[in-house]
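Report on the following structure.
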Amino acid sequence: MVNAVFYHKDDSIYKDVRGKLYHFPGSYLSRVVQTIGSLIVYYGPLPSLRSRYYSGIARVLSVQPDPDLANHHYAFLDEYIDFDRPVDYLEAGGFEGRLVRPDGSVNGGRSVQAVRLIEEREFAAIVAAGLSEPDEWPDRIDSPEQRQEIDELPQAIYLADNDARPILTHTINRPFRDAKFRQHIRKVYDRRCAFTGLQLINGGGRPEVEAAHIIPVERGGNDSIQNGIALSGTVHWMFDRGLLSLADDHQILCSRHLNADVSHLLVPDLIARVPSARHQRPHPHYLAWHRENVFKQ
C-alpha cells in the first residue's frame, strides 16, 4: 500500500466532496490505484491564505470510472478527518523530499502534479504536524482508559520521526477521532450553537455546545468539519431524531412532527449561524442525506 498527496480546491471544476469523493483525470489513474486501502493527505489552497496547505487525511476505498465524463474517475474515500490547522507545505523545510529541494527551492514539475506518491515517513510527518494541537477546551474524561488514550497521544505523535506506525494507528482510533472532531467543530463555530446562537461556557471554561455529525459515523459519516455542526444538547437531540434539519442555504427546517413550538429556542430568522469560510460550512452532500434519511417532514 502507498500513501499519496491529493490536490483539492473547494471551488474547482471537479466533482469532489471532501473526504467522500475525489474526481480526477485518467492521467493519474495508475497512481491513485496504488493508494487503494491506504491513507492519503489532502493538499491545496485555502481561502484567504496565501500558500498551499495539507489540510486532512482520508482512506481510499475504491476507484471507479466517471460514467458521465470520458477518461475521468472517482476515488471513493472514508475515514476523513481534518487537521487541527492548515500545515504549510514549506513548513520545517518541507515534508516531501521530491517537492522541496535541500536548498528550499520547489520542484516546479512536481508541484503541479495533482496526485503525488510519497514515502510513509513523509506522510507520518505531515500527519504529526497536522494533528498535534491540544484542545483548548477538552471535555472531562472520567474513564481511566479514556484518560490514558488521550494523555498518550502527543507522545505517539512525536514518535513519528522514528516510527510511522504510532501516529497512523491513532488516526483510526475512535476516541481520538471523536475528540478531534469535537475540538474542530467547537473551534470553527466559536463554541456557539448554530441553531440557537447561544455560547454557553461553564464555570470551568468548558463550552456546553456539542459536536453533531450530520451523517452519523455508524451510518457511513466521516469526521470532516463539513459533516458536522455545533449544537446545544437539546437541539442536538432533535436534530439526530429528525425533528430539525438544515437546507442548503442554512435555513433551519422544523418537522411537523414536533409536538411543541420550539421557535423560541432558535435564532429569530431561522438561519443557522455557520462559519464564514465556505470550506468549513456544512456540505450540501451531507445536508441532503440528512433531509432524505433522517428528517421527518
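Let's see how each residue does on (1) more than 17 Å from Met1 (Cβ to Cβ); (2) out of contact with any His (no Cβ under 8 Å at 6 or more places or on another chain); (3) modelled with pLDDT under 90:
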site	(1), (2), (3)
Pro67	yes, yes, no
Tyr89	yes, yes, no
Ser105	yes, yes, no
Leu117	no, yes, no
Asp151	yes, yes, yes
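Condition first: without any contact (Cβ under 8 Å) to a residue 12 or more places away in the chain and over 25 Å from Lys187 (Cβ atoms). Now tell me which residues in the stretch 256-292 satisfy that. Correct list: Asn259, Ala260, Asp261, Ser263, His264, Pro268, Glu292. Taken as a whole, the structure leaves Ile185 outside the set of residues that are touching a residue at least 24 places away in the same chain (Cβ under 8 Å) and outside any helix (DSSP H, G or I). Filtered by the rule that a residue be at pLDDT 85 or above and in contact with a strand residue (DSSP E or B) (Cβ under 7 Å, 6 or more places away or on another chain), the stretch 164-182 gives Arg177, Lys180, Phe181, Arg182. Considering the conditions (1) within 23 Å of the chain's Cα centre (by Cα); (2) more than 22 Å from Arg182 (Cα to Cα); (3) exposed (fewer than 14 other Cβ atoms within 10 Å of the Cβ), Arg291 is excluded by exactly one of them, (3). Out of Gly221, Gly242, one residue alone is assigned to a loop (DSSP other than H, G, I, E, B), farther than 30 Å from Asp11 by Cβ, in contact with a His (Cβ under 9 Å, 6 or more places away or on another chain) and not β-branched (Val, Ile, Thr). It is Gly242.
Listed here are the residues, each with its yes/no results for (1) within 27 Å of Glu218 (Cα to Cα); (2) in contact (Cβ under 8 Å) with a residue 24 or more places away in the chain.
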| residue | (1), (2) |
| --- | --- |
| Met1 | yes, yes |
| Ser12 | no, no |
| Gly26 | no, yes |
| Ser51 | no, yes |
| Ala70 | no, no |
| Phe76 | yes, yes |
| Phe95 | no, yes |
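The values are calculated or read from the model by the stated rules, or taken from the named source; none is laboratory data. Worth saying up front: this structure is predicted, and the values here are computed from it rather than measured. All Cβ positions, even for glycine, are placed from backbone atoms using ideal geometry, and neighbour counts span all protein chains on display.
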